[in-house]
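Read the structure below first, then the notes.
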Amino acid sequence: MAPDSHRIDLVRGWPHPSLLPTQQLTASSKTVLADPEIYGTALQYGDDPGYQPLREVLATWVHGHYEVERDPERICISGGASQNIACILSSFTDPNVTRAVWLAAPTYHLVCAIFDDAGFNGRLRAFPENDEGPDVQALEEALREHDERESKSQTPVKDHGPHRKFYRHIIYVVPTCANPSGKTMPVKRREELVRLARKYDALIICDDVYDFLQWPVDQHTGSDHIIAADMSCEMKLPRLCDIDLAIGQSENDPEGFGYAVSNGSFSKLVGPGLRTGWLEGSCAFAFGLAQTGSTKSGGSPSQFSAAVITDMLVSGALQEHLTAIVRPALQRRHRIMVDSIQKHLLPLGVTLRLTGLTNGSVYGGYFVWLTLPEGLSANVVADLCLNEGLVVGNGTLFQVRGDEDAIDLDCYLRLTFSYVPEEDLEEGISRLASVLRRLR
């Protein structure tokens, strides 16, 4: 590393400060705090399902986007996607009833600790991806073998009460712009996964945090097109929770909880510090989640932040910010990184995926997933990059904790294009290329 070189972090999955809507947050905060009818609620303990005006405006915005029937009762406000997973596990799983947690590998690495904390340490199971995302056939074989091996029922540790249930399995996926692989599941694959969950009494937890952060690209040239205000059909694929509801209530699910939930977050849309998100599923599931003990005790989390976000949505400020600032900036940053990869890394044998769907025309999210040439170790590459003042995510970081040997990811790297200054994106790729040339 040259003495005058600075550190470039291509691991941190944060938004660059220029993507944060500070002016809009200031204006909406002033609106909330200037009106006693608003702040009188916003600064108090919240209703269990969450700040009702946000549930209402989310139903209008989100359900309109996905073209499904508007229903605020399907929505429960959360303290962000991570906190929401913890609440789901607290209310809808039991260590003696829920047999395993299944994660598509590569997976979002920090989620493993949430499952461990909920009592599933040692029971996280990896299943592979293929070109279309989570491999449903491989997962079904693993589920069948697991249930045959672990067929004996045990007495629950907890009492779920009348408004919740305990699922036999949990499946965790990121259906759109997956972290880290960038893949998007096509509709047929989504339907297959939902039907599998219904067959094995599994709850699919979908981190749908990148659905509104997509843009068109040309997979052959890599060139970008101008983002249209009305997003293309490829950017509005049905969520698994909507597919599940459309199939109809299962005879094995008399309370109508369903088998898939959508975990939404404002962390990538507004800012992580607001700690606000939402759960969407069936009305019965949303109500059951609102009965979680920590929510009943303290009220819905993020009450004030929810009121501020509500004003941003009602005024259209958030939608405009996403259209005019966030998506174009991410599109541009992605373009810079892809151009740099094609210039510096492709000649060295590195490959990458240009679109979320196979043969698609859209990409999104925060990350690029690289495949290294045969014989190179991502761990070795990542360690050598540190000497160049570059931090990259080696593939083994994204293995499922406790089941690392199931799927080898030592030939992959994850790079983040959302966080560092734009001028550091090409410099970071150049430093990576320097490391790879030394290893040839």
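Before moving on, here are some points about what is shown:
- Residue in the range 342-361 that is of a type in the set (S, T, N, Q), buried (at least 16 other Cβ atoms within 10 Å of the Cβ) and under 26 Å from PHE212 (Cβ atoms) present: yes
- Some residue of the range 31-41 being farther than 24 Å from ALA324 by Cα and in contact with a strand residue (DSSP E or B) (Cβ under 7 Å, 6 or more places away or on another chain): no
- Residue within the range 243-253 that is within 29 Å of VAL32 (Cβ to Cβ), out of contact with any strand residue (DSSP E or B) (no Cβ under 8 Å at 6 or more places or on another chain), touching a residue at least 12 places away in the same chain (Cβ under 8 Å) and crowded, with 21+ Cβ neighbours inside 10 Å present: no
- Residue in the range 156-166 that is among the β-branched types (Val, Ile, Thr) and free of Cβ contacts under 8 Å to residues at least 60 places away in the same chain present: no
- Number of residues in the range 277-310 that are part of a strand (DSSP E or B) and small (Gly, Ala, Ser) equals 1.
- Wholly within the range 1-86, helices (runs of 4 or more DSSP H) carrying at least 3 residues that are aliphatic (A, V, I, L, M) and surrounded by 13 or more Cβ atoms within 10 Å (Cβ to Cβ): 22-34, 52-66
- Annotation note: of LEU397, LEU386, the sole residue that is surrounded by fewer than 16 Cβ atoms within 10 Å (Cβ to Cβ) and farther than 27 Å from VAL326 by Cα is LEU386.
- Test for ALA81: is it out of contact with any His (no Cβ under 9 Å at 6 or more places or on another chain), free of Cβ contacts under 8 Å to residues at least 60 places away in the same chain and under 17 Å from VAL173 (Cα atoms): no
- Exactly one residue among PRO328, PRO347 is in contact (Cβ under 8 Å) with a residue 60 or more places away in the chain, more than 20 Å from ARG12 (Cβ to Cβ) and in a helix (DSSP H, G or I), and that residue is PRO328.
- Every listed requirement among (1) under 21 Å from the mean Cα position of the chain (by Cα); (2) over 30 Å from ASP424 (Cα atoms) is met by SER29 save one, (1).
- Among residues of the range 179-194 that are under 21 Å from GLY258 (Cβ atoms), those with a Cβ under 8 angstrom from a residue that is surrounded by fewer than 24 Cβ atoms within 10 Å (Cβ to Cβ) and charged (D, E, K, R), sequence gap 6+ or separate chain, pair up as MET185/GLU132; ARG189/GLU132.
- The set of residues in the range 1-54 being closer than 27 Å to PHE287 by Cα, free of Cβ contacts under 8 Å to residues at least 60 places away in the same chain and not acidic (Asp, Glu) consists of GLY40, GLN52.
- Test: residue in the range 168-187 that is in the same structural domain as GLU280 (by TED's automatic domain parsing), surrounded by fewer than 24 Cβ atoms within 10 Å (Cβ to Cβ) and among the aromatic types (Phe, Trp, Tyr): no
- Some residue of the range 144-152 being touching a Cys at 6+ places or on another chain (Cβ under 8 Å) and either more than 21 Å from PHE257 (Cβ to Cβ) or surrounded by fewer than 19 Cβ atoms within 10 Å (Cβ to Cβ) (or both): no
- Residue list for the range 88-130, filter: basic (Lys, Arg) and in a loop (DSSP other than H, G, I, E, B): ARG99, ARG123
- Residue match in the range 296-308 (condition: at pLDDT 95 or above, closer than 17 Å to SER82 by Cα and in contact with a Ser or Thr (Cβ under 7 Å, 6 or more places away or on another chain)): yes
- Any chance GLY293 is surrounded by fewer than 19 Cβ atoms within 10 Å (Cβ to Cβ) and in contact (Cβ under 8 Å) with a residue 24 or more places away in the chain: yes
The values are calculated or read from the model by the stated rules, or taken from the named source; none is laboratory data. Quantities reported herein were computed from a predicted structural model and do not represent experimental measurements. FYI the Cβ positions are ideal-geometry reconstructions off the backbone, even for glycines, and counts take in every protein chain you see.
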